[in-house]
Every structure is written in C-alpha cells, then in structure tokens.
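> Would you mind keeping the following structure in view while I ask a few things?
The values are calculated or read from the model by the stated rules, or taken from the named source; none is laboratory data. Keep in mind the model is a prediction, meaning the values are calculated, not measured. Glycine also receives a Cβ, built like all others from the backbone with ideal geometry; neighbour counts cover every protein chain displayed. Note: accessible area is taken over every heavy atom of the protein model, side chains too, but ligands, DNA and RNA are not part of it. Shrake-Rupley method; radii C 1.70, N 1.55, O 1.52, S 1.80 Å.
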Amino acid sequence: MAVVTGATRGVGKGVALALGEPGALVYATGRTLEAGASSWPGSLQETADEIAQRGGRCIPVVCDHGDDASVQRVFERVHDEQNAAIDILVNNVFAAPSHMPVNVPFWELEDGLWEDLLRMGLRSHYIASRCAAPKMVARRKELIVNTSSGGAVRYTFNVPFGVQKAGVDKMAKDMAYDLKPFNVDAVVIWPGIIKSEKFLAQPDRVPAPLAKRIMESGESSEFAGRAVVGLAADPAIMEKSGRLHLVAELAQEYGLSLIHISEPTRPER
C-alpha cells in the first residue's frame, strides 16, 4: 500500500501510475478531485481512472497539504481503512506560484513566497512522514521517498525555492538516521527535467532557454515513478537510505530505458 502526495499531475501522478500498475493500492492526495475543477490540467480522479485502466486500484483523497490537520486526517483514514502500516510514502506535493520569480533578488520577492514554498514543499513532507512513521516503525520494513531537485545545491529560480529543496534533502538524511534502527528507509530522489502537464499547458511560465531544453529532452513523469518502483523492490535498499539518488542513476542501475534520460550527472555540492 502506498500514499503519494501531490498526485494530480507531474511527478506525483507518474509515481502513482507506476506503483499502481503492478498492483499496489495507491492513495493519491492533492487539492483537485475532478477534471475541470482547476485551471491546470490533471485531477486525482483522472489519476485514479488511469490506474484502474491499467488494472490497479487508486483511492483519491482531497487534501490541503498546507493544513496540518488535513494531512493528519488523510493518514487517519488510510490507517483506519486498511488497518495496516503504509508500505511506501512518497512526499512529492509542491505548490508553485502562478508565476515563479526567476533571478529576482530575495529582497524584491513578493511577501509570502517563502511561507508558501516551505509550507507546502517542506513542512507538509515532515507532517506526512510523522503521521506515517509510527506504524512503519512498528512493522520495521517500509520506505519514505522524498522528491527534490538540483535546486538544493545550485541557484535555481530564487532563494526560497533553493532553501525548500535543500531542506527536503537534509530532512530525508536525518530522518533516515532516526529510522535506521527500525529497518525503515528514507531517501531523496532527483528526477531530471520533466515535461509536465503544467509546462505543456503554459510553457511560457519558464525562461525560453529552459523551455526549449524541456521540449527537446524532458522526461516523462512516469520515469521517476518507475525508479521508485525499483527502489521499493531493491533488496539492498537499506544501503541507499539517507542518500540522494538521481533518477537517471537509478534507471541505469535498474535497467530502465523506457523514457529518455536527461543529464545523468551528479552536481558538485
């Protein structure tokens, strides 16, 4: 059984599809339940329907991940309905502003950007992990995956964006330290550049050079999902706990070749 946050579109949807297809029961969370309820493409029900078409099962659950109580209710529901620990938690939710400030000095950024990025993209991961951990620890065989990016180590977009990504990486590393005695793993994955639904709907949201690069070499979001499936099945997963894993490197290790791999290089820290 898996919980994937932010599964309406993008990497979250790709992970949910990849986990659901081979038979995992997936709880997919996000704010948009039905198609057309948002100005952006994608919805939880569409994710669930696609998983069902592949022979899997997905339960869509509306959740405002900026609200701790809403997150807690999700996990209470999962534990009540399944009476079991969550096998895989994928912390992926992220709330990008309608227009991401690019190369804007931090003193000129709009009020609230820091809170918005870190509340949804970092604190929500922490709260979700806290809710899932007790039963995971009791069962002693589970996995927490956190999605991040190279913005953690190099200037990308703006200061709050980079801090959020770096926070996810450090959080996963330290969680792995606490979880190790209980045989529960926590990792970070960095997908490559993703040709997401949001990008395809509005490519002018990103600088033109980056848009060109995405169109030419962007990965399918499901490619990251297949890497998560590989991690979950890896008998040596404990050796990977607390570490950063590029999806491109995992693809090479697990023999994934379905989708184009973009820049399988590890940046300097």
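> Could you list which residues have their amide H under 5 Å from that of Glu219, counting only those 5 or more apart in sequence or on another chain, with H placed in the peptide plane?
Ile193, Ile194, Lys195
> Counting helices only, and only those DSSP H runs with n ≥ 4, report the 222 nm mean residue ellipticity of the chain as the sum of -39,500 (n - 2.57) divided by its residues, in deg cm²/dmol to the nearest 500.
Rounded to the nearest 500, the figure is -13500 deg cm²/dmol.
> Rule-of-thumb check for the stretch 36-92: C-alpha Rg over 2.2 N^0.38 Å?
Normalised Cα radius of gyration, the stretch 36-92: 1.27.
> Please report, as a whole percent, how much of the solvent-accessible surface of the chain comes from carbon and sulfur atoms (probe radius 1.4 Å).
51
> How charged is the neighbourhood of Thr47? Take every other residue with its Cβ under 10 Å from the Cβ of Thr47, and add Lys/Arg as +1 and Asp/Glu as -1.
Around Thr47, the surrounding residues sum to -1.
> Now for a different question. Rounded, prolate or oblate, given the Cα gyration tensor of the stretch 51-204, with a/c below 1.5 counting as rounded?
Prolate.
> Which net charge results for the neighbourhood of Arg73, defined as the other residues with beta-carbon distances under 15 angstrom from its beta-carbon, given Lys and Arg at +1 and Asp and Glu at -1?
Every neighbour counted, the sum reads -3.
> Remind me, what semi-axes does the chain give for its equivalent ellipsoid, largest first in whole Å, using sqrt of 5 times each Cα gyration tensor eigenvalue?
Computed over the chain, the values are 26, 21, 20 Å.
> Now for a different question. Sequence-distant or interchain residues sharing an amide H contact under 5 Å with Arg243, placed H: which?
Amide H to amide H, under 5 Å and 5 or more residues apart or across chains, Arg243 pairs with Val188.
> Excluding Pro160 itself, calculate the net charge of residues whose Cβ lies under 14 Å from the Cβ of Pro160, where each Lys or Arg counts +1 and each Asp or Glu counts -1.
-2
> How many Å² of accessible area per residue for the stretch 146-188, probe 1.4 Å?
41
> Now a separate question. Cα atoms only: what Rg and Dmax, in Å, come out for the stretch 1-132?
Values for the stretch 1-132 (Cα only, Rg and Dmax): 15.3, 50 Å.
> Would you mind pulling out the separation of the Cα centroids of the stretch 61-101 and the stretch 106-131, in Å?
Measuring centre to centre over Cα atoms gives 14 Å.
> Tell me which residues come under 5 Å, amide H to amide H, from Ile59 once H is placed; ignore anything under 5 positions away on its chain.
Placed amide hydrogens put Val26, Tyr27, Ala28 under 5 Å from Ile59.
> Kyte-Doolittle mean at least -0.5 and Cα extent at least 27 Å along the axis: which DSSP H helices of the chain qualify?
TM-like helix candidates: 159-179.
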